[in-house]
Number of protein chains: 2
Amino acid sequence: MTDAMPDASSIAVDWGTTRLRAYLIDAEGAILDRHEGADGIMSVPVGGFPAMLARYIDGWLAADPTLPVVMAGMVGSRNGWAEAPYAPCPAAARDLAGRMITVVRADGGAATIIPGVAGVFDGAGDVMRGEETLVVGLDLEDGLACLPGTHAKWVLLRGGRIERFSTFMTGEIYAALSEHTILGRLATEPADTAGFARGLHASRSAGGPLHAAFAARANVLLETMAPAMVKPYLSGLLVGGEVAGALALYGDLEAVHVVATSGQAALYSQALAAANVEAIIVDPEAALLKGMARIASQGKPHMGSRS
Amino acid sequence: MTDAMPDASSIAVDWGTTRLRAYLIDAEGAILDRHEGADGIMSVPVGGFPAMLARYIDGWLAADPTLPVVMAGMVGSRNGWAEAPYAPCPAAARDLAGRMITVVRADGGAATIIPGVAGVFDGAGDVMRGEETLVVGLDLEDGLACLPGTHAKWVLLRGGRIERFSTFMTGEIYAALSEHTILGRLATEPADTAGFARGLHASRSAGGPLHAAFAARANVLLETMAPAMVKPYLSGLLVGGEVAGALALYGDLEAVHVVATSGQAALYSQALAAANVEAIIVDPEAALLKGMARIASQGKPHMGSRS
């Protein structure tokens, strides 16, 4: 260990589909240094994972080669470095730790990958990979966590274990509808964010979202909605539908832990408030690093199938 | 009138966004001759409507210059030949006839355009243009009609008038999700149509469609759904959601008139059967031509604003 990072205890890597974020952290998950780039797993050539990782972390390892390296996210998927098979529900931090796999770095050292979680609930399967680590980082005994995103996750914790969870395709469907339907072609910028509340309201209409989505088109034609409201309206319609669906699955709770940065946190708080549920906002990066530190401190990994 | 078309009574033109369909019909709406092409309004240059129409109908007019020409569809929209302002609900055939507009053909003769219908229901606007003519063609006193499509319409008739209607973006959202999300990338061809029933079932799940859509992705990953089922599943999920939304708006009826060709008619029949509603199948082209004949026989048009 050098003077430059006296408290460094491990290297945490959040390696998703489109981004790679590497952190040098202390024992409490506080960030001492970081490197981030657009080197998500989709852009890594076959066999290129060890070299790519080295570009992000070798500076830290040069100072202290004994630092453990822990990774989470799609790097552990079928299309990643090596597949870390899903842990079944219910899953505690120690279950995830016990199912970590190890891959061999370019320098011959080890890196471990935290597995995702899978379950079958009411006859339908669901999966997550990456979010389980943030949820562990909440250090929540009992409660419901909401992680907005391309594939938003709602996660129920009971006795400190991930008991059940549900994915909502909200972010991806918003992108598809706002870029590839008539709604996107109608919309003007800058957006009028008052449309969000109108979309939230519409998400409770009897005809359902396929009908409420067209209402934006009709109301613009009839000049009862400004084109600048269309995208926020669509966002409110989808987020409102997600919140309603999640509360239907998990019951009306007093509060939900929303793991999101400020913009999304505000939208989900508004949608939850409309359903009389309080939003407790948690920073995603802090949750991720705490989760990695907690899982990494618990167990010994298995060897991975690929290196 | 020549021997070649002894019973011809009018020319009916269905001019939509992407297609132009011209029919030579008799007084009952039976087709004597037809010309169809990919000359929808989106592909007509500014000022090009009269010349384009001539290409489709001048042969018939040469034989009988007195044939009335009636048009329906997006040709009467803001982006069409001339805007035929929406008729308000409730609207009967005579109301539509009374609001037809007239445009001047390339040969100096007249062509009339049937207006669309607009309404505000429970605070949200809705519009249709083209479907009103098919609905009139059903000659239905009281009942509910379903017209599947890019923007599917459900239309309530009371006392022979269009009393209320609702649009569902089912077809357009299906296209956006199957072409621009991970669901499309997962799907394999040829499709396994058993996925449709599974999607219908999923459309009734508590978590709602944003969650049920992701279930296809998760179930393929977990190998509990064949990739060939993904697109039919998505179709079942959306059609099931549309039917549920429409029945929530219009009440559980014993039967619905489904105006669709065989493939879509079968899917909607299956979705309605799952909700214990009988589907009465009606051919869209026959309905369109009967509707045009009925409206055209009722009234005198106004002059249009553009020619």
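Key figures
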| read-out | value |
| --- | --- |
| Sites matching GluC sites (Glu not before Pro) across segment B:127-235 that sit in DSSP coil, with at most 10 neighbouring C-beta atoms within 10 Å | B:141, B:223 |
| Accessible area buried between chains A and B, both sides summed, probe 1.4 Å, in Å² to nearest 100 | 3600 Å² |
| Volume per residue of the C-alpha convex hull in the protein assembly as shown, rounded to whole Å³ | 159 Å³ |
| Förster radius 35 Å - calculated FRET efficiency between residue A:34 and residue A:94 (Cβ-Cβ, nearest 0.05) | 0.80 |
| Inter-site label distance for residue B:42 and residue B:223 at 7 Å from Cα along Cβ, in nm | 4.2 nm |
| Residue-averaged [θ]222 nm for chain A, counting only DSSP H segments that reach four residues, each worth -39500 (n - 2.57) | -11000 deg cm²/dmol |
| FRET efficiency, residue A:185 to residue B:193 (Cβ-Cβ, R0 35 Å, nearest 0.05) | 0.65 |
| Pairs of Lys in the protein assembly as shown closer than 27 Å at Cα, counting only those 8 or more apart or on different chains | 9 |
| Built amide H within the under 5 Å cut-off of residue A:9, gap 5+ | A:25, A:26, A:27 |
| Debye log10 I(q)/I(0) for segment A:68-164, one point scatterer per Cα, at q = 0.22 Å⁻¹ | -1.13 |
| Built amide H within the under 5 Å cut-off of residue A:71, gap 5+ | A:13, A:112, A:113, A:114 |
| Per residue accessible area in Å² of segment B:124-242, where ligands, DNA and RNA are left out and the probe is 1.4 Å | 32 Å² |
| Inter-copy label distances at residue B:206 (7 Å, Cα→Cβ; nm, one decimal) | 2.4 |
| Selection of trypsin sites (Lys or Arg not before Pro), segment B:22-99, meeting DSSP coil and at most 12 other Cβ within 10 Å | B:78 |
| DSSP-assigned coil residues among trypsin sites (Lys or Arg not before Pro) in segment A:199-307, each with at most 15 further Cβ atoms within 10 Å | A:204, A:306 |
| For segment A:164-171, 3J(HN,Hα) per residue [Karplus equation, 6.51 cos²θ - 1.76 cosθ + 1.60, θ = phi - 60°, Hz, x = Gly/Pro] | 6, 7, 9, 9, 10, 7, 3, x |
| Within the accessible area of the protein assembly as shown (1.4 Å probe), percent carbon and sulfur | 53 percent |
| Amide N proximity, segment B:28-56 versus residue B:283 label position 7 Å along Cα-to-Cβ, cut-off under 19 Å | B:28-37 |
| Gaussian network model of chain A, Cα within-10 Å springs - most flexible of A:107, A:122, A:26 | A:122 |
| Selected from B:93, A:37, B:202, residue furthest toward positive end of dipole (the protein assembly as shown; charges at beta carbon) | A:37 |
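The values are calculated or read from the model by the stated rules, or taken from the named source; none is laboratory data. As the structure is a computational prediction, the values presented were derived from the model and not from experiment. Heads up, the Cβs are rebuilt from the backbone with ideal geometry, glycines too, and the neighbour counts pull from every protein chain shown. SASA here: full protein model, heavy atoms, side chains in, ligands and nucleic acids out. Shrake-Rupley method; radii C 1.70, N 1.55, O 1.52, S 1.80 Å.
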